[in-house]
Amino acid sequence: MATLQDVQNIILAGKAKLTPGVVQEAVDSGIPPKDILNTMIEAMSIVGERFTRNEIFVPEMLITAKAMKKGVATLKPYLAEGATSAMGKMVIGTVEGDLHDIGKNLVVMMIESAGFEVIDLGVDVTADTFVSTVRENPDTKLVGLSALLTTTMPAMENIVAELNKQDFRPNIKIMVGGAPITQEFADRIGADAYTEDAATAAVVAKKLVS
């Protein structure tokens, strides 16, 4: 029978094909589903730490995130509605004029692995779309903006300015990131947080909502 340690090990090893079986075994052996979920989230935190220490790289991180996704899918029927998104809701997108999504997709995987429900708006997202999506989802806690081109930094600035004007602004935290973005730029445009990679984004997201 699988233990919580087995669950953690299989996620850390990134064995996506074997993960559902191990998770199911853990459930069958009577381990509370919430404990299994928390163990998987903990495993992703370890992966995030290894990534920030340059012990592993993006491909390994993607593999473990994939295993996590399979594990959560197996666990979903056993969890109370909404338990897999226990941390809250995040709206994310690559800003208007920018069609890059690899970095954003990695952030989405890590944020979901940290226990958030993510609404991914894709690429080339306008300020209006961000604003209307948050309005349609009043339980949104985080808004994430990504930009890979220096030419789209003004678009990011405009979107943050637009979000800052809204009456829902006190209820959300704005996170920004992408190759040309810096802490200084984030401060200047009025964002709440800047992170330089997906692993850090997940850690900071948890801090912002706690």
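The values are calculated or read from the model by the stated rules, or taken from the named source; none is laboratory data. It should be emphasised that the depicted structure is a prediction, and the values quoted were computed from it without experimental measurement. Neighbour counts run over all protein chains shown; Cβ positions are idealised from the backbone, glycine included.
Could you please let me know if Asp120 is at pLDDT 95 or above, among the acidic types (Asp, Glu) and surrounded by 15 or more Cβ atoms within 10 Å (Cβ to Cβ)? It would help to see each step written out before you state the result.
Working: at pLDDT 95 or above: yes; among the acidic types (Asp, Glu): yes; surrounded by 15 or more Cβ atoms within 10 Å (Cβ to Cβ): yes.
Yes, satisfied.
From the list Ala179, Ala202, Ala186, Ala191, which residue is at pLDDT below 95, crowded, with 21+ Cβ neighbours inside 10 Å and either assigned to a loop (DSSP other than H, G, I, E, B) or assigned by TED's automatic domain parsing to the domain that holds Asn105 (or both)? Write out each step before concluding.
Details: Ala179 fails: crowded, with 21+ Cβ neighbours inside 10 Å; Ala186 fails: at pLDDT below 95; Ala191 fails: at pLDDT below 95.
Criteria check complete, one pass: Ala202.
Name the residue that is surrounded by the most Cβ atoms within 10 Å (Cβ to Cβ), counting only residues in the stretch 17-46 that are assigned to a helix (DSSP H, G or I) and small (Gly, Ala, Ser). Don't jump to the end; show me each part of the working.
Here is the first cut: in the stretch 17-46, the residues assigned to a helix (DSSP H, G or I) are 19-28, 33-46.
This time we only want the ones that are small (Gly, Ala, Ser), so: 21, 26, 43, 45.
Details: Gly21: 14, Ala26: 26, Ala43: 23, Ser45: 17.
Within the stretch 17-46, the match that is surrounded by the most Cβ atoms within 10 Å (Cβ to Cβ) is Ala26.
Scan (1) surrounded by 14 or more Cβ atoms within 10 Å (Cβ to Cβ); (2) closer than 28 Å to Leu145 by Cβ for the single condition Ile11 breaks and write down its number.
Here Ile11 meets the rest and fails (2).
Could you list all residues from the stretch 88-116 that are outside any strand (DSSP E or B) and either more than 14 Å from the chain's Cα centre (by Cα) or in the same structural domain as Met40 (by TED's automatic domain parsing) (or both)? Can you show your working first?
Within the stretch 88-116, the first condition is being outside any strand (DSSP E or B), and the residues that meet it are 96-115.
Passing the criteria: Glu96, Gly97, Asp98, Leu99, His100.
Which ones in the stretch 90-108 are surrounded by fewer than 20 Cβ atoms within 10 Å (Cβ to Cβ) and either closer than 23 Å to Pro138 by Cα or out of contact with any helix residue (DSSP H, G or I) (no Cβ under 6 Å at 6 or more places or on another chain) (or both)?
Scanning the stretch 90-108 gives Leu99, His100, Asp101, Ile102, Gly103, Asn105.
Conditions (1) closer than 30 Å to Asn158 by Cβ; (2) in contact (Cβ under 8 Å) with a residue 60 or more places away in the chain; (3) of a type in the set (Gly, Ala, Ser), marked per residue:
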site: Leu18; (1), (2), (3): no, no, no
site: Pro33; (1), (2), (3): no, no, no
site: Asn38; (1), (2), (3): no, no, no
site: Met44; (1), (2), (3): no, yes, no
site: Ala65; (1), (2), (3): no, no, yes
site: Lys70; (1), (2), (3): no, no, no
site: Val95; (1), (2), (3): yes, yes, no
site: Ala114; (1), (2), (3): yes, yes, yes
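Taking the condition in contact with a Phe, Trp or Tyr (Cβ under 7 Å, 6 or more places away or on another chain), buried (at least 17 other Cβ atoms within 10 Å of the Cβ) and within 26 Å of Leu62 (Cα to Cα), does Ile174 pass?
No; evaluated as a whole, the condition is false for this residue.
Looking only at the stretch 117-138, filter to residues that are in contact with a helix residue (DSSP H, G or I) (Cβ under 7 Å, 6 or more places away or on another chain) and assigned to a helix (DSSP H, G or I); which one of those is farthest from Gly71 (Cα to Cα)?
Keep residues of the stretch 117-138 that are in contact with a helix residue (DSSP H, G or I) (Cβ under 7 Å, 6 or more places away or on another chain), which gives 117-121, 127, 130-131.
This time we only want the ones that are assigned to a helix (DSSP H, G or I), so: 127, 130-131.
Details: Ala127: 35, Phe130: 30, Val131: 33 Å.
In this case the residue turns out to be Ala127.
Quick grid of which residues meet (1) modelled with pLDDT of 90 or more; (2) buried (at least 19 other Cβ atoms within 10 Å of the Cβ); (3) more than 18 Å from Asp6 (Cβ to Cβ):
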position: Gly48; (1), (2), (3): no, yes, yes
position: Arg53; (1), (2), (3): yes, no, yes
position: Leu62; (1), (2), (3): no, no, yes
position: Ala65; (1), (2), (3): no, yes, yes
position: Leu79; (1), (2), (3): no, no, yes
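Would you mind finding the one in Gly21, Gly88 that is at positive phi and either at pLDDT 90 or above or of a type outside the set (Asp, Glu) (or both)?
Gly88
Please go through (1) more than 22 Å from Val58 (Cβ to Cβ); (2) at pLDDT below 95; (3) not charged (D, E, K, R) for Val108 and return the number of the only condition it doesn't satisfy.
The one condition Val108 does not meet is (1).
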